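In what follows, a structure is listed as structure tokens, so that the remarks can point back to it.
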Amino acid sequence: LCSGCRICEFLCPYGAIEMKDKDGETVAHVIEALCKGCGVCGTACPTKAINLGHFTTEEINAQVRAIIKEMEAAAA
């Protein structure tokens, strides 16, 4: 469940996260029209509350690990 920490909202490069009231709690909501499926929100979410329709959390994490590995190799 979303804890309302807003990390996803602050990190989304497309402004595709908005906070909404749901049953008295403030939770993150993905604006589908703005979302590019980059996975930043899902990867950063400490409670893993964001589930992108484009990729699973594990697929996103694998992509992030691959990018980090490429960047480390380029810096060496």
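The values are calculated or read from the model by the stated rules, or taken from the named source; none is laboratory data. Bear in mind that the values here come from a model prediction, so they are computed numbers and not experimental data. Backbone-built Cβ (ideal geometry, glycine too); neighbour counts: all protein chains shown.
Taken as a whole, the condition of being charged (D, E, K, R) and assigned to a strand (DSSP E or B) does not apply to Glu9. When residues in the range 1-33 are screened for being hydrophobic (A, V, I, L, M, F, W, C) and within 20 Å of Gln63 (Cβ to Cβ), 7 of them pass. Filter the range 48-65 down to the residues that are surrounded by 14 or more Cβ atoms within 10 Å (Cβ to Cβ) and part of a loop (DSSP other than H, G, I, E, B), then identify the one that is farthest from the chain's Cα centre (by Cα). Checked the range 48-65; the qualifying residue farthest from the chain's Cα centre (by Cα) is Phe55.
Would you call Lys69 more than 24 Å from Leu1 (Cβ to Cβ) and within 12 Å of the chain's Cα centre (by Cα)? No: the conditions fail for Lys69. Look at (1) surrounded by 13 or more Cβ atoms within 10 Å (Cβ to Cβ); (2) part of a helix (DSSP H, G or I) and you find that Ile68 fails only one, number (1). Scanning the range 22-62 for residues that are free of Cβ contacts under 8 Å to residues at least 24 places away in the same chain and among the polar types (S, T, N, Q) yields Thr26, Thr43, Asn51, Thr56, Thr57, Asn61. Among the residues of the range 5-20, just one is closer than 14 Å to Cys45 by Cα and among the basic types (Lys, Arg), namely Arg6. If I filter the range 8-47 down to residues being of a type in the set (D, E, K, R) and modelled with pLDDT under 90, which single residue comes out as surrounded by the fewest Cβ atoms within 10 Å (Cβ to Cβ)? Only one residue fits best here, namely Glu32. Among the residues of the range 36-47, none qualifies, meaning not one is of a type outside the set (S, T, N, Q), assigned to a loop (DSSP other than H, G, I, E, B) and farther than 23 Å from Ala62 by Cα.
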